[in-house]
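The values are calculated or read from the model by the stated rules, or taken from the named source; none is laboratory data. These numbers come from a predicted model, not from an experiment. Cβ: placed from backbone, ideal geometry, glycine included. Neighbour counts: every protein chain shown. Quick note on the areas: whole protein, heavy atoms, side chains included, nothing else; ligands and nucleic acids left out. Shrake-Rupley method; radii C 1.70, N 1.55, O 1.52, S 1.80 Å.
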Amino acid sequence: MVKKVVKEFQVEYIQVMDEQGKVDEKLMPKLTDAQIKELYEKMILVRAFDEKALNMQRQGRIGSYLEVKGQEASQVGSVFNLKDSDWMFPMYRSSGALIARKHPIHQLFLYWGGDERGLKAPEKINNFPIAIPVGTQTAHGAGAGWAAELKGESKVSMVFFGDGATSKSEFHTGLNFAGVFNAHTIFVCENNQFAISTPITRQTHAETIAQKAIAYGIKGIQVDGNDIFAVYKVAKQAIADARKGKPTLIEAFTYRMSHHSTSDDATKYRSDKEVKEWAKKDPILRLEKYMKSKKLLTDTYKKQVAKKAKALIEAEVKKYEKYPAQEQDEIFSAMFKKMTPELEEQYKEYKEVL
Ligand SMILES: Cc1ncc(C[n+]2csc(CCOP(=O)(O)OP(=O)(O)O)c2C)c(N)n1
């Protein structure tokens, strides 16, 4: 007889700091004042980059851009405890994670300006190139996490993707593979409620994305993605577990405060009321409320941080705009140390045509 298993697909939901910036002291992770300030400064830098990138696109100085706005906590908090030698697999909306992982900002402008040299990771920092195809990176992240297990390393891989990606086969392949092979992988799904115009209710009939982990025998946890302390806490634990071969799926419950991309108009498919409601949950405002209550945020400090971020971004814009133009041949030489036979053939043909 088939045994009927009736079980709620319950996963934990973690929130440490509420919308008023009040924290639950029992859940609050141990962080020094300096670390809290570091988290804050990184989030401000990401927001400043985001605003500049949007303006640059509107002015025709970069080609296109996908904003992070609203997701700064879920990205900065997730990568905070990674080591440089750990792998990070970003998607197109991961500028926040990349900046927090020391990816040079002028290179991000280069990339969004259509120059692939923008993707070259700094030496000794294992940032993978940005994935534009939705979801492919989830399988790559599982593979890198498996490599660490096979080599007996404690290295981990952290992979970012959206709610839309959970309908792609690579998401399921990646999670299944990670569970079976003890991949050192942390899957961070930023559930920002939309995949372009498709709302989460049309993406999945499941109550949470995190519960999908149960089917693959790995841990799934939902976290308030606009709460930097909760994200930090959950990611820290997931990183520690992944080092020992235990993968986790984190669902960072958040909101895309911007349009999907610079070629989208979100007013066509979502209400002003909803956007305003979520604006109140802005992860930066929330952290500021907390810091004010702890006397960590004076007006002078706040202004200093904003000014420093702006100055850095402006300097990086200058670097980008002065960057020597790409040699035409680099289209062929950029990707591989040694060109593949097919590429070499195409290169020859291209030279002949020239
Ligand atoms: C394989 C593939 N199919 C379709 C697209 C077009 N596309 C770009 S973004 C996007 C929505 C993805 O939404 P989600 O995964 O929730 O991430 P978000 O953009 O909300 O961060 C789609 C369908 C694509 N880039 N790749």
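Summary of values
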{"item": "Cβ crowding within 10 Å averaged over residues, with 302-308, 270-276, 167-173, 134-140 ranked highest first", "result": "134-140, 167-173, 302-308, 270-276"}
{"item": "Positive-end residue, the chain charge dipole about Cα centroid, Cβ charges, pick of Phe49, Thr166, Ala240", "result": "Ala240"}
{"item": "For the chain, calculated [θ]222 nm from helices alone, where every DSSP H run of n ≥ 4 adds -39500 (n - 2.57)", "result": "-13500 deg cm²/dmol"}
{"item": "Qualifying GluC sites (Glu not before Pro) in segment 68-158, DSSP loop, other Cβ atoms within 10 Å at most 14", "result": "Glu123, Glu153"}
{"item": "Amide hydrogen neighbours beyond the local backbone of Ile14, cut-off 5 Å, H modeled", "result": "Gln222, Val223, Asp224"}
{"item": "Histogram of C-alpha separations across segment 14-111, 10 Å bin width, %", "result": "14, 43, 29, 12, 2"}
{"item": "For segment 233-354, convex hull of alpha carbons as volume per residue, Å³", "result": "267"}
{"item": "Net charge over other residues, Cβ less than 12 angstrom from the Cβ of Val46 (K, R count +1; D, E count -1)", "result": "+1"}
{"item": "Student exercise, segment 133-291 dipole from Lys, Arg, Asp, Glu Cβ charges, in Debye to nearest 20", "result": "280"}
{"item": "For segment 83-145: rounded, prolate or oblate by the Cα gyration tensor [a/c cutoff 1.5]", "result": "oblate"}
{"item": "Centre separation in Å (Cα based) which lies between segment 168-224 and segment 58-80", "result": "21"}
{"item": "Under Karplus coefficients 6.51, -1.76 and 1.60, residue-wise ³J(HN,Hα) of segment 112-129 in Hz, glycine/proline x", "result": "6, x, x, 10, 5, 4, x, 8, 5, 6, x, 3, 6, 10, 7, 9, 6, x"}
{"item": "Estimated vicinal HN-Hα couplings, Hz - segment 323-338 in sequence order (Karplus 6.51, -1.76, 1.60; Gly, Pro = x)", "result": "4, x, 4, 6, 5, 4, 5, 5, 4, 8, 8, 5, 7, 10, 4, 10"}
{"item": "Per-residue HN-Hα couplings for segment 244-250 [Karplus 6.51, -1.76, 1.60; θ = phi - 60°; Hz; x = Gly/Pro]", "result": "9, x, 10, x, 9, 9, 9"}
{"item": "Per residue solvent-accessible surface (Å²) - segment 194-337, probe of 1.4 Å", "result": "56"}
{"item": "For segment 106-213, alpha-carbon Rg relative to the globular expectation (2.2 N^0.38 Å, N residues)", "result": "1.17"}
{"item": "Rounded Å value of the spacing that divides the Cα centres of segment 124-142 and segment 81-102", "result": "10"}
{"item": "Size of the chain as Cα extents on the principal axes (Å, biggest first)", "result": "67, 65, 44"}
{"item": "Met91 long-range amide H proximity, modeled H, under 5 Å", "result": "Ala131, Phe160"}
